[in-house]
1. All but one of (1) buried (at least 21 other Cβ atoms within 10 Å of the Cβ); (2) under 30 Å from B:Arg116 (Cα atoms); (3) facing another protein chain (nearest Cβ under 7 Å) hold for A:Lys250; state the number of the condition that does not hold.
2. Considering only the range A:32-51, state which residues are within 22 Å of A:Val162 (Cα to Cα), aliphatic (A, V, I, L, M) and open to solvent by 40 Å² or more (accessible area, probe 1.4 Å).
3. State all residues of the range B:364-416 that are of a type in the set (Gly, Ala, Ser) and either touching a Pro at 6+ places or on another chain (Cβ under 7 Å) or near ligand 2 (Cβ under 10 Å from one of its atoms) (or both); if no residue qualifies, say none.
4. Report the residue count in the range A:431-449 for those that are more than 16 Å from ligand 4 (Cβ to nearest atom) and among the acidic types (Asp, Glu).
5. I'd like to check something: does the range A:456-472 contain any residue that is over 21 Å from A:Leu522 (Cβ atoms) and within 33 Å of the chain's Cα centre (by Cα)?
6. So which residues in the range B:452-469 are at the interface with chain A (Cβ under 7 Å from one of its Cβ atoms) and within 15 Å of ligand 1 (Cβ to nearest atom)?
7. Taking B:Leu574 and the conditions (1) over 30 Å from A:Gly382 (Cβ atoms); (2) away from chain A (no Cβ under 14 Å), which numbered condition does it fall short on, given that it satisfies the others?
Amino acid sequence: MPPQAGSTSDARRSSWNSLWRLRSYLRPYTRPLVVSWVAAVLGIAAGILTPLVGKEIIDGPVAHGDQGALLPLGLLALVLGVAEALLTFLRRWSQAAPVLGLETAIRDDLYRHLQRLPMRFHDEWQSGQLLSRATTDLSTIRRFLGFGVLFLVMNVLQLTTVIVVLLRMYWPLGLLVAGSAIPVVILSQRFEKRYIRISRQVQDEQGDLATFVEESALGIRTIKAFGRRRHVAATYDGLAGKVHRTSLAKVRLSSRFFTFLEVVPNVTLAMVLLLGALAVGGGGLTLGTLVAFTTLVLQLVWPVTSLGYILAMGQEAMTSADRVVEVLDTMPEIVGGSDTVAAPRGHLRFEGVEFRFPGAARPVLRDVWLDVRPGETVAVVGATGSGKTTLTALVPRLVDVTAGRVTVDGHDVRDLSLPSLRSVVATAFEEPTLFSMSVRENLTLGHRDATDDDVRAALEIAQATFAYDLPWGLDTRIGEQGMSLSGGQRQRLALARAVLGKPRILVLDDTLSALDVETEALVEEALRGVLADATGLVVAHRASTVLLADRVALLREGTITHIGRHTDLLSEVPEYRALLAQDAELDPEEALQ
Amino acid sequence: MSEGVAGDTWRGVAAEDKDQLSDTVSLLLRTRSRRLLGDLLRPHRRQMALLFAIIVLSSGAGLAIPYLVAAGIDDGIPPMLRDDGSGTLLVIVVAVVTAALIQALTRQAFLRLSGRIGQDILLELRRRVFDHFQKLSLSFHEKYTSGRVISRLTSDIEAIAELLASGLDGLVTAVLTLVGTAVMLLVLDAHLAVVALLPLPLLLLFTRWFRRESGITYRRTREAVALVIVHFVESMTGIRAVQAFRREPRNQEIFERLNDDYRDANMRAARIVAIFMPGIKLIGNVTVAAVLLYGGWLALHDAVTVGVLAAFLLYLRQFYEPMQEISQFYNTLQSAGAALEKLSGVLEEEPAVAEPRRPAALPYARGSVRFDGVEFSYTGGAPVIPALDLEIPAGQTVAVVGTTGAGKTTLAKLISRFYDPVAGRVLLDGVDLRDLDEAVLRRSVVMVTQENFLFTGTVADNIRFGRPEAGDEDVVAAARAIGAHDFIAALPDGYDTEVGKRGGRMSAGQRQLVAFARAFLADPAVLILDEATSSLDVPSERLVQRALRTILADRTAVIIAHRLSTVEIADRVLVMESGRVVEDGSPERLIGGSGRFARLHRAWVDSLA
Ligand SMILES: Nc1ncnc2c1ncn2[C@@H]1O[C@H](COP(=O)(O)OP(=O)(O)OP(=O)(O)O)[C@@H](O)[C@H]1O
Ligand SMILES: Nc1ncnc2c1ncn2[C@@H]1O[C@H](COP(=O)(O)OP(=O)(O)OP(=O)(O)O)[C@@H](O)[C@H]1O
Ligand SMILES: [Mg+2]
Ligand SMILES: [Mg+2]
């Protein structure tokens, strides 16, 4: 599971870094970014100038009864107003591309990276957690980098400009306004620390919730079979309740802070009025200046108030960036080498292979030696949970050995490039693993250039020509995970997918288990032809499947104890006999020993 | 769609992936969303009223500030200039501070209360939609992939959360400020106010345009993001096959295309906002200039005071600033509206397998099952079971065999009422399954499906799923009974071992054993095993079979198996072929005969060689 944020200060530093790193995604958009920033700055200037024109009108024409000056000043205000609107348009318009481009590019990269991360990563991370990073977190980042940062800078800019203008207009009052920033800064910092913790918590909890939703959607058949709707709903309520509670805490925290941010400028305004009036009375200030002054101070209310939202947004963006970078920074442990096998013969060797799941006390496989010569087929036989699937996963490098090596035609599989290795090896998994797309696409997953004839040949081998009789033939979209097919149909499609494109090494992990005896016999017959040329590694629980192989390897206690022909092993090795013989008189408990 | 009435192109989730809709349809959709919203808001009526009172107070205080400032300038300063003392001014300043404090306090109260209401509504919505998804039948879930479910319960809910968190606040404040400001302007000076408010109709027209445009765009965004999510979830779920078959480049291509579509939809939305917001600003700024000119002219002729003019300028800012907020609100509203539309669509879907209005009583199921002229086809397909009459007396163990795709699983699913027959009835102890309460049915009939889904959690949790109230001893006893105890005890943490995501840390056979133990713990009157031992090694399978002899002694069982060893424990064998029962009899009789089963059995015996 994703690790929790460490100590706050640590978390904060890394958050900044994470967010800062993502800026490189903005590089292709320098031009529109510059345009939008310039437009933003000019827009602020126009916004600030308008009240100053108001001041001029009040102090000038109105005070002196100078009708002639009124019109030009009024027109100036008009021009400034129009300019501000146009600049705002320019800013928003030119900003859309960079911001959305950033989000899209990160999402593309995240997806690409996730596709490269090994099974070990995916075994641990629920797609719900990954998804919340690819959607919610990215849009949070987009919102902040797009609008938040700009508003933050604009606000600070506006604040400082206005304060400078105020200082120049009448410095004592200006100083007062500037001083009001101090409590804001101090409180913002305290707020930030607490907010970052709570927003990470909300995000993680939402990820958990998404994970649960995913599981209960995928496991709907099981839930229904047991009528556990209420039970599942109760668990969901618990998780949703957690999100609810944390979100409320977040609301409480931010409401305190936001409110504070609203009081400060308003109280400042009152002070300005009081002291300003005194100054006007004392003759230190004109009435027009005071009007302009108060107008400007009033203009500060919004930037200061919105500072709270923006800071909160920034915190959220930082946690989000952290969560995204956390995934992007996970190194794919399984990366391809540079070798390729030009003309693969399919010589597969396990040399002193050991495999241990991370954190496990004992290895699942140890000291495994197995030599499968080109064109030969070896069956792997072993009890439930003995490590057969793990052994097969080592060949296409879905997992990597922890000691020893697996070689294909003399190359350590770790030295081969992944596409090269994985085009030599094709696996039919014990779970069919189909996708909700057309039958054809399911079959040709990696072979985009497969012809109709290739597909037909593969379907015929797997006895899966039923696919042509589906409502739209091969273009029929099969339900998620192939759920609109029968169990045996799913398995045969998965088998057809593996034999498609005549791989040099064919790995079959108990792929005939859901077939009836007759179909199984037909498939075996057809497979014999395929395995005559290809190298085969066939996991089997049944004698009928074992007969596909030239030799059989018996996997016991994590290692291969016997290798030989089926009949020989059957007569010589009692453990083997216990595993495969159907004699009813054999005592199962004894057999399991 | 499947579960709506034919021809209703908008009912339920049917309209989900259309982005251009006819006016009537979009009206219907809007009414539906509004109904849901009303439904959600209703329990909070009191709080909403309170909220409204608070916000009126808060906006009032906010509005008073510029007015007080104007008063300060007009009434507070002149006496001082005349050396009449600063009493008035002080009063006004105190009033400003008080107004600011009231505003602050009410704001805080508002934020908290509205936050609470918003979160409560979200919680309720989450629960409702989740529960409804769980209620909907399998035929729905087959079409509506898990990615879609996830996208409804995450990104759509978030869109609504955003509306509740910031939108409502923005809208209410903005509207109140707007109305309040207009009133203040009129009070201050009717002439000037008319000039200031002149562009209002234009504003309304402009807003209408925006609403129409963004409505379309936001539907498109929601649908686009749903597609991204669906593809993402599916490729992550099947990552093993993706990697092993080098699907990555093609997946990347598809993903980038969907992602680009999503970006384009977002871009369109952003562009519309980029026109709208500055447009509002333009109208506002032009008005300010006009007021300056006209107001200046009036002031020149002493028709208005300087203070009034100053107040006007302040108010006008306040008047157009909230307009921006209103458009922001529209943004969130549109996007939440699109989300609400989809959610209300899901909630509108009726489960094809509906709970009975008046459930029949069946206090104790004995477990006799009868198919009475049952015909069944999956939606839109050819009949899988053309016509079936079958009687399984209570306590009988029936083995069902047949070629793959013959309809064995379908038969089993009909008994557990995953689907309802198209014609005819399936009866449990003489009661039509459609008349049985879900709880009663599930207590009586349990099926171990062909795909053994394990949930994240421990082994014990997963077994206990069969009977949540079972104690630890019961869990262990169930595992023992089917011969899974030894392997579980040997796991690093025994029964407390985490099985990992979807049971990934167990081997296929181990998953099957756990799933089996789970069903055993549920202790139903009718137990259906759909190839429940297909991935086990022979000794484990035989252990299970031995256990079955005792387990099944006093209950009805339907066992689907390709390995005919299982058949040995059956009282009766059904051979299925294309949805029909072609042979029916005791195993001995069928093996002795010359039919299909005899042939199958011979082939099987040969395969054991
Ligand atoms: N991700 C994992 N983490 C820890 N242990 C695991 C993991 N995956 C599998 N195991 C354990 O490794 C052992 C070997 O599993 P594997 O799936 O290779 O067995 P198998 O021989 O294929 O069994 P089956 O015949 O049931 O398919 C099992 O005991 C299993 O519990
Ligand atoms: N959800 C579904 N939607 C549409 N068609 C389906 C669905 N499930 C099964 N079918 C079709 O119905 C037919 C019968 O399927 P069923 O699963 O009952 O077969 P089965 O006898 O259990 O086969 P197997 O031994 O392979 O499990 C098959 O042709 C299958 O393609
Ligand atoms: Mg396995
Ligand atoms: Mg089946």
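The values are calculated or read from the model by the stated rules, or taken from the named source; none is laboratory data. Note that the structure is a prediction, hence the values are computed from the model and not measured. Neighbour counts are summed over all protein chains in view; Cβ atoms, including those assigned to glycine, are modelled from backbone coordinates with ideal geometry. The area values use the complete protein model at the heavy-atom level, side chains included, leaving out ligands, DNA and RNA. Shrake-Rupley method; radii C 1.70, N 1.55, O 1.52, S 1.80 Å.
1. (3)
2. A:Val38, A:Val41, A:Leu42, A:Ala45, A:Leu49
3. Step one: filter the range B:364-416 for residues of a type in the set (Gly, Ala, Ser), giving B:365, B:367-368, B:373, B:377, B:380-382, B:387, B:394-395, B:399, B:402, B:405-407, B:412, B:416.
Within the range B:364-416, B:Ser368, B:Ser377, B:Gly380, B:Gly381, B:Ala382, B:Gly402, B:Gly405, B:Ala406, B:Gly407, B:Ala412 meet the criteria.
4. 2
5. no
6. B:Thr456
7. (2)
Every residue, every condition in (1) assigned to a loop (DSSP other than H, G, I, E, B); (2) of a type outside the set (D, E, K, R); (3) in contact (Cβ under 8 Å) with a residue 12 or more places away in the chain; (4) not assigned by TED's automatic domain parsing to the domain that holds B:Ser586, yes or no:
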| position | (1), (2), (3), (4) |
| --- | --- |
| B:Val374 | no, yes, yes, no |
| B:Leu388 | no, yes, yes, no |
| B:Gly405 | yes, yes, no, no |
| B:Thr410 | no, yes, yes, no |
| B:Arg417 | yes, no, yes, no |
